[in-house]
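Report on one structure; see the data block that follows.
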Amino acid sequence: MSDILLVQNIDSYYGKSHILFGASFSVKKGETFCLMGRNGAGKTTTFKNIVMLVPPKSGEVIFNGKKITGMKPYHTARLGLGLVPEDRRIFGLLSVKDNLELGTSTGRLGHWNLELIYSYFPALEEYQERMAGTLSGGEQQMLTIARTLMGNPEILLLDEPTEGLSPVMIKVLKDLVLKLKELNTTILLSEQNIKFSMAVSDRVAIIDRGHMVYEADVDTFRKDDEIKMKYLSV
Amino acid sequence: MSIETIISQFVGGLSVSMLLFLVASGLTLIFGVAKVFNFAHGSFYLLGAYFSYQAIALFNNFWAGVIAATIGAGLIGMLLEICFIRKIRGRSEEGAFQILLTYAFILIIDDAVKFIWGPEYKTIQKPPSLAGTLEIGAVSLPKYNLFIIVLGIVIVIVAWYILSRTKTGKIIQAASTDSQMVGLLGVNVSMVMSLVFGVATAMGGLAGAMAAPLRTVTSGSGVEVIIESLIVVVIGGLGNFWGALLGAVLIGEVNAFGVLWLPQWASLLSFVVMIVVLIFKPKGLLSNEPTRKKI
């Protein structure tokens with residue numbers, strides 16, 4: 001399997017504080033790669049660096065063999081990087097359907113369209129005319145994922161999707177991610193929820209205070225309790 | 001007071017409201033989408049009046065003036081956005097730079113106008129087709145004012161349609177709440193902002209051309225109109241398109257009836273209305289943000 005996304009040695013700052021120290025990893029086509037780490041470890045910054053919301057200070061991001069470092073975020077979206085931000089950021093005053101239709105702004109054609117989205121997310125069809133701001137937290141999370149899928153991304157970047165969700169919604173989300181995997185969707189995930197991550201990922205990496213400290217396939221990670229204790233326990 | 005006087009005063013007020021709305025809605029749209037407070041917005045109204053004057057001098061046709069004003073002001077607005085305002089976007093000192101930059105535009109455009117067309121007052125005649133009055137029963141209403149009202153209503157409907165029924169409109173609405181997220185969905189938000197700037201300044205130019213036959217054309221009128229528009233958008237809720245309409249109608253009518261009933265206080269009334277609104281609704285009548293709840 002070939003690498004679709006290469007993150008090479010990126011350094012990132014937030015104001016004057018150094019957040020990422022030479023982070024490197026790669027995501028292969030069709031796999032689900034999970035970046036784990038505690039709050040403030042640098043997961044969201046890594047995602048923002050990849051889609052160029054915050055361009056890295058140094059290092060490179062290569063997508064499909066093409067250097068995308070320094071591009072505008074809308075350009076990375078058009079190339080096929082679909083970010084689902086952790087804070088969801090739905091357009092609360094627009095209808096659910098309008099939110100979904102804005103997702104097509106990448107101009108990318110492919111598997112996903114409104115009809116298919118509604119078959120995967122029946123609740124969104126039911127609420128399509130409602131203002132998105134009136135949805136529950138779990139429904140909003142589904143809407144953000146669906147909105148990004150509408151743009152037919154080549155890689156889906158899910159930033160802490162389980163955060164703040166009820167156990168029931170986490171189960172729904174897990175089933176969704178497993179279905180997306182069946183469709184051979186490439187997913188880069190960031191998580192703190194170890195159980196969720198082990199259920200859906202193929203490979204796991206750990207970031208701790210801005211340094212990549214671990215990378216393994218999910219079966220190795222599953223057995224590696226010492227690592228979990230050291231870097232992920234609260 | 002007779003009902004005829006009230007009707008004719010109301011119509012006069014409404015035509016002023018529509019002109020104010022054209023300027024204020026652009027101001028509020030730019031603020032909503034680009035988070036830029038364009039102090040120079042009145043200067044596009046000013047440019048509109050002078051472009052219209054120039055085009056009428058060349059082609060001897062009122063409507064050529066209206067078209068020249070709308071397109072000319074819009075193009076200059078877009079140019080200033082692309083060349084200057086865009087360059088300071090996202091800087092930490094952005095707020096202060098915006099004030100300095102747009103204030104500088106006021107001074108530069110004012111002086112450029114004096115330099116090109118001279119400091120003396122200019123007048124523009126109403127087009128012959130809209131001169132005179134329309135008699136409805138015992139009320140006689142100036143045709144020109146009625147035309148401005150119809151034009152204003154048409155623009156409100158077109159704007160409503162674009163904002164709520166087209167994808168561009170939805171992008172504009174979405175960008176006014178979270179432009180970064182709109183970018184992450186693949187929209188070139190900078191281009192959308194330039195477009196909004198162009199349309200908003202074109203509307204200001206149109207207002208300047210339409211107002212010119214009712215007022216004198218002078219280089220100070222840009223500053224006058226920005227103060228009135230500022231009151232309008234503050235009353236309506238900064239960033240809210242419908243708020244601009246509501247605020248414009250309110251201020252237009254308050255002035256129209258103020259002149260009638262409290263002539264010596266008329267020039268103060270807009271400010272009084274603004275203060276009263278802000279006491280009860282600090283974010284304006286139709287603010288996008290919820291008013292802070294009382295604890």
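Miscellaneous remarks
- GNM flexibility winner over chain B from B:ILE136, B:ILE231, B:ILE153 (Cα, springs under 10 Å): B:ILE136
- Cα-only Debye scattering, the range B:139-295: base-10 log of I(q)/I(0) at q = 0.14, 0.15, 0.19 Å⁻¹: -0.88, -1.00, -1.39
- Normalised convex hull volume, the range B:162-211, alpha-carbon set, Å³ per residue: 74 Å³
- Pairwise centroid distance, computed over Cα atoms, of the range A:1-78 with the range B:192-250, Å: 44 Å
- For A:ILE19, the residues whose modelled amide H falls within less than 5 Å of its own, excluding neighbours fewer than 5 places apart on the same chain, are A:SER12, A:TYR13, A:TYR14.
- Rounded D (µm²/s) - the range B:53-198, Kirkwood Rh over Cα pairs, Stokes-Einstein at 37 °C, 0.692 mPa s: 173 µm²/s
- Of the DSSP H helices in chain B, those whose Cα atoms cover at least 20 Å axially and whose Kyte score averages 1.6 or more: B:3-34, B:62-83, B:143-165, B:189-211, B:221-236, B:266-280
- Beta bridges assigned by DSSP with both partners in the protein assembly as shown are antiparallel in approximately 60 percent of cases.
- Computed on the Cα trace of the range B:3-280, the radius of gyration divided by the Kirkwood hydrodynamic radius gives Rg/Rh = 0.97.
- Close amide H pairs (under 5 Å, H built 1.01 Å from N) link A:THR69 with A:VAL61, residues at least 5 positions away or on another chain.
- Value of D in µm² per second that Stokes-Einstein yields for the protein assembly as shown, Kirkwood Rh from Cα pairs, at 37 °C (0.692 mPa s): 126 µm²/s
- Computed on chain A, the Cα convex hull volume stands at 121 Å³ per residue.
- Taking each DSSP H run with n ≥ 4 as -39500 (n - 2.57) and averaging over every residue of chain B yields -25000 deg cm²/dmol at 222 nm.
- Here B:ILE88 and A:HIS18 are evaluated by their C-beta separation; at R0 = 25 Å the FRET efficiency comes out at 0.40.
- Restricting the trypsin sites (Lys or Arg not before Pro) of the range A:97-183 to loop positions (DSSP other than H, G, I, E, B) with no more than 16 neighbouring Cβ atoms within 10 Å leaves A:ARG130.
- Averaged over the residues of B:186-195, the number of partner chain Cβ atoms lying within 10 Å of the residue Cβ comes to 4.
- Between helix A:167-182 and chain A: long-axis angle, C-alpha atoms, 0 to 90°, nearest 10: 80 degrees
- Evaluating kT/(6 pi eta Rh) at 25 °C and 0.890 mPa s, with the Kirkwood radius of the range A:53-98 over Cα pairs in the Stokes-Einstein relation, gives 193 µm² s⁻¹.
- The value of relative contact order for the range B:3-280, using C-alpha pairs under 8 Å at least six residues apart, is 40 percent.
- Inter-part distance where the range A:169-234 and the range A:131-166 are each reduced to a Cα centre, Å: 18 Å
- Computed from the alpha carbon positions, the gyration tensor of the range B:1-120 leads to an equivalent ellipsoid with semi-axes of 30, 22, 13 Å, biggest first.
- Computed from Cα positions, the angle between helix A:137-149 and the longest principal axis of chain A comes to roughly 90 degrees.
- GNM result for chain A, Cα springs below 10 Å: residue of A:THR76, A:THR134, A:THR162 fluctuating most strongly: A:THR134
- Dimensions (Å) - the range B:84-168, Cα atoms, principal axes, largest first: 61, 45, 19
- Cα gyration tensor shape for the range A:114-174, rounded if a/c is under 1.5, else prolate or oblate: oblate
- Here the convex hull built on the C-alpha positions of the range A:1-48 has a volume of 73 cubic angstrom per residue.
- Working note: 222 nm ellipticity from helices only, DSSP H runs with n ≥ 4, each -39,500 (n - 2.57), summed and divided by the residues of chain A, gives -9000 deg cm²/dmol to the nearest 500.
- Of B:LYS35/B:LYS126; A:LYS28/B:LYS170; A:LYS28/A:LYS48; A:LYS195/B:LYS167; A:LYS43/A:LYS72; A:LYS171/B:LYS35, pairs whose Cα-Cα distance is over 31 Å: B:LYS35/B:LYS126; A:LYS28/B:LYS170; A:LYS195/B:LYS167; A:LYS171/B:LYS35
- Shape call, the range B:1-64: gyration tensor on alpha carbons, a/c limit 1.5: oblate
Taken together, the values in this text are just the output of simple stated rules run on the coordinates, not laboratory data. Not measured: the values here are computed from a predicted model. Virtual Cβ from ideal backbone geometry, glycine too; neighbours counted across all protein chains shown.
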